[in-house]
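S.K.: I am attaching a structure below and will ask some questions about it afterwards.
The values are calculated or read from the model by the stated rules, or taken from the named source; none is laboratory data. Note that the coordinates shown come from a computational prediction; the quantities given were computed from them, not determined experimentally. Note: ideal-geometry Cβ built from the backbone for every residue, glycine included; neighbour counts use all protein chains shown. SASA here: full protein model, heavy atoms, side chains in, ligands and nucleic acids out. Shrake-Rupley method; radii C 1.70, N 1.55, O 1.52, S 1.80 Å.
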Amino acid sequence: MTTWDAHAAVDGVWKLESARIIAGLVRLAGDVSLAEEFAQDALLAALERWPESGVPDNPGAWLMAIAKRRAVDHLRRAGRLDRGNEKLAHELAVRPDPGADDLDAALDDLDGGVGDDVLRLMFISCHPALSTRARVALTLRLVGGLRTEEIARAFLVSEAVVAQRIVRAKRTLAARRIPFEVPAERDREARLSSVLEVIYLVFNEGYAATAGEDLMRPGLCLEALRLGRLLARLTPGEAEVHGLVALMELQASRAEARTGPEGEPIPLHEQNRGRWDRLLIRRGMTALLAARAAGGPLGPYMLQAAIAVCHAQALTAEETDWARIAALYEALSRVLPTPVVRLNRAVAVAMAHGPEAGLALADPLLAEPSMRGYHLLPGVRGDLLARLGRNTEARAEFERAAALTQNAPERATLLKRAAACEERADAVTLSHAVAAFLARDDLDPATLRAYGQTMNRLVRQVGGEVALPDLTAERIAAAFAAGWGRAAAATWNRHRAAVRSFTAWARSDRGWTAADLAAGLDRRPEPRGRTRGMDPAHVETLLTRPGLALRERALWAMLYESAAGATLALSLDIEDLDLDGGHARGVRWGPRTAALLPQLIAGRHRGPVFLADRRPAPARMPPSRDICPETGRRRLSYERAEYLFKQASHGNTFYQLRLAEPSATRRRSPS
């Protein structure tokens with residue numbers, strides 16, 4: 001084994017075993033500083049011997065044995081061995097290489113109580129002689145194995161402050177000669193809140209590492225869960241202990257879904273919930289039931305566990321009850337009014353009531369001194385600003401968050417989001433697109449007035465600064481429901497037609513958006529007799545217009561002569577056509593269409609009959625059945641086809657074309 005391998009092995013063992021080793025040494029030596037000194041001696045011995053002898057089968061027990069021998073030697077020289085320790089010293093002398101189980105059994109003979117050295121050490125570290133902050137910092141250092149800078153990030157304070165707290169805590173424990181023993185039941189209850197805080201901070205460091213190349217440190221999560229479960233068994237009547245266990249179980253259930261193939265973080269609403277651990281979810285819910293059975297007021301851990309249950313019960317992100325989560329965060333902010341809780345509440349409110357409401361709660365936190373170095377605050381603000389279409393501001397916030405975080409995967413994700421905002425900042429906004437749409441010179445005054453009423457109101461409801469590529473059909477549907485949800489069918493359909501025309505123009509003429517913004521807007525049935533068919537003379541004028549494209553002439557003629565639905569006509573493939581019989585899949589046409597179709601499909605033998613003007617972009621490829629194998633162009637969309645007809649016919653629709661009667665003998669096809 002090389003020296004480098006030995007260093008790596010020692011480092012790995014230390015991360016797993018440090019808390020147990022130091023806890024056992026404190027029990028033996030009765031002094032925290034001495035315990036750390038003996039542990040460091042064992043590490044040095046490992047670095048000297050392992051390159052030659054190799055890593056032992058049980059490296060943790062090896063380190064523990066070496067460290068305890070050093071402790072016994074020190075105590076013997078100092079004349080501080082009592083009878084129990086003398087017995088242990090004798091056993092260590094006659095058996096130079098004890099196994100881990102034998103060594104622990106000998107140590108356990110010295111006292112009883114909690115039954116877990118690490119948990120015992122946590123109660124000692126949370127002694128009332130220490131301030132609350134000192135208790136948590138010392139325990140994170142000794143039990144969690146966290147470095148000073150990691151603890152500083154957890155507390156949102158400087159490293160110097162944390163270092164001072166740890167040094168002072170050790171001095172206080174040594175000066176007062178705090179015994180390494182299980183506190184009495186009354187004292188144990190007084191220290192319980194600090195112990196719970198420490199366990200949860202250790203879990204959080206494992207769940208979202210403050211620094212390094214990995215998003216998570218699973219070992220810390222497992223240790224926190226182990227300690228929480230043990231504490232719950234020791235204090236079955238404490239509701240908050242069960243609440244903390246429930247919270248950790250539920251959060252740990254998402255671990256496998258929190259990162260992508262390259263270790264990048266995946267937001268909660270984008271996670272594959274099929275990868276959530278159902279066993280941990282059931283354990284979390286069971287622990288929450290135990291917390292409720294214990295009685296008492298709702299504490300912070302029970303409330304946070306209730307929030308986690310809301311996420312666990314939602315089969316999809318869309319089913320999440322954000323209104324309930326926002327209400328739970330409001331209750332939590334009253335019990336635990338910290339800036340971090342207020343920030344989480346802002347996120348929940350934004351999901352329940354919109355980004356504006358969330359930003360109104362997040363912005364005041366900028367004045368909180370403890371939040372100035374907290375990267376999640378600008379990260380949240382960046383997300384809310386991006387959702388509002390304020391991409392330049394969002395980019396600056398994401399870049400600030402990336403500069404504050406020390407976790408590499410988080411930094412990469414934040415920088416990627418900043419770059420995306422920069423791209424969107426250069427993209428066309430809804431306000432600009434609507435202005436260009438209404439500024440065209442091919443709209444007659446009546447159509448312009450109708451379109452203007454719809455689109456200008458839509459801009460006010462959705463937000464004019466939203467980048468058009470970011471606008472979704474769901475967002476448009478929500479705006480429609482709020483603005484015209486109770487409108488008459490004719491009014492609804494008129495506004496819907498305006499959005500469909502805008503979408504077709506923005507997608508096909510300008511290429512500004514790939515989304516069908518009207519996809520979530522269903523046409524409402526209108527009372528019969530309200531819609532009038534086109535004047536046949538007007539139709540004849542359209543079909544004989546000079547310069548009219550062959551595709552439009554053939555499609556309009558087919559719809560006019562057959563009275564077929566436009567969706568059915570546009571779905572026809574060349575293989576469906578019976579040119580001699582004048583029909584295809586139930587669509588029957590007349591002589592004008594029969595003369596135009598052979599010209600339209602000349603040179604083509606397969607694929608859609610009616611084709612778009614352009615080939616689709618590689619990122620927007622439709623299904624193969626909608627691609628012409630000879631030309632590579634896609635099937636003409638309904639939106640584009642109707643948009644072109646409306647422009648040519650001054651606002652008429654395909655439905656009105658179907659109602660036009662070319663003759664008394666016209667045969668109608670099914671719609």
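S.K.: Which is under 25 Å from residue 122 (Cβ atoms), of a type in the set (A, V, I, L, M, F, W, C) and at pLDDT 85 or above, of 201, 196?
M.R.: Matching residue, one of 201, 196: 196.
S.K.: Among 279, 298, 288, which is the only one that is assigned to a loop (DSSP other than H, G, I, E, B), of a type in the set (A, V, I, L, M) and at negative phi?
M.R.: Within the list 279, 298, 288, the selection yields 298.
S.K.: Right, another one. Report yes if residue 57 is open to solvent by 10 Å² or more (accessible area, probe 1.4 Å), of a type in the set (Asp, Glu) and not in a helix (DSSP H, G or I), otherwise no.
M.R.: So residue 57 fits the description; yes.
Matching residues to (1) open to solvent by 10 Å² or more (accessible area, probe 1.4 Å); (2) in a helix (DSSP H, G or I); (3) touching a residue at least 60 places away in the same chain (Cβ under 8 Å); (4) under 17 Å from residue 35 (Cβ atoms):
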site: 133; (1), (2), (3), (4): yes, yes, no, no
site: 141; (1), (2), (3), (4): yes, yes, no, yes
site: 151; (1), (2), (3), (4): no, yes, no, no
site: 160; (1), (2), (3), (4): yes, yes, no, no
site: 173; (1), (2), (3), (4): yes, yes, yes, yes
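S.K.: Is it true that residue 49 is touching a residue at least 40 places away in the same chain (Cβ under 8 Å) and outside any loop (DSSP other than H, G, I, E, B)?
M.R.: So residue 49 does not fit the description; no.
S.K.: Would you confirm whether any residue within the stretch 203-217 is assigned to a helix (DSSP H, G or I), touching a residue at least 24 places away in the same chain (Cβ under 8 Å), among the small types (Gly, Ala, Ser) and within 20 Å of residue 139 (Cβ to Cβ)?
M.R.: No; the residues of the stretch 203-217 include none that is assigned to a helix (DSSP H, G or I), touching a residue at least 24 places away in the same chain (Cβ under 8 Å), among the small types (Gly, Ala, Ser) and within 20 Å of residue 139 (Cβ to Cβ).
S.K.: Sticking with this structure for a sec: May I ask you to list the residues in the stretch 331-357 that are without any contact (Cβ under 8 Å) to a residue 12 or more places away in the chain and open to solvent by 30 Å² or more (accessible area, probe 1.4 Å)?
M.R.: Once the filter is applied, which keeps residues that are without any contact (Cβ under 8 Å) to a residue 12 or more places away in the chain and open to solvent by 30 Å² or more (accessible area, probe 1.4 Å), the stretch 331-357 yields 334, 337, 338, 357.
S.K.: Look at residue 269 and say whether it is open to solvent by 60 Å² or more (accessible area, probe 1.4 Å) and in contact with a helix residue (DSSP H, G or I) (Cβ under 6 Å, 6 or more places away or on another chain).
M.R.: Yes.
S.K.: Still on this model: Give just the number: which of (1) touching a Lys or Arg at 6+ places or on another chain (Cβ under 8 Å); (2) closer than 20 Å to residue 651 by Cβ; (3) free of Cβ contacts under 8 Å to residues at least 60 places away in the same chain does residue 501 not satisfy?
M.R.: If we test residue 501 against (1) touching a Lys or Arg at 6+ places or on another chain (Cβ under 8 Å); (2) closer than 20 Å to residue 651 by Cβ; (3) free of Cβ contacts under 8 Å to residues at least 60 places away in the same chain, just (3) comes out false.
S.K.: Among 33, 53, which is the only one that is touching a Lys or Arg at 6+ places or on another chain (Cβ under 8 Å) and at pLDDT 75 or above? Before the answer, list the steps.
M.R.: Numbers: 53 fails: touching a Lys or Arg at 6+ places or on another chain (Cβ under 8 Å).
Answer to the check: 33.
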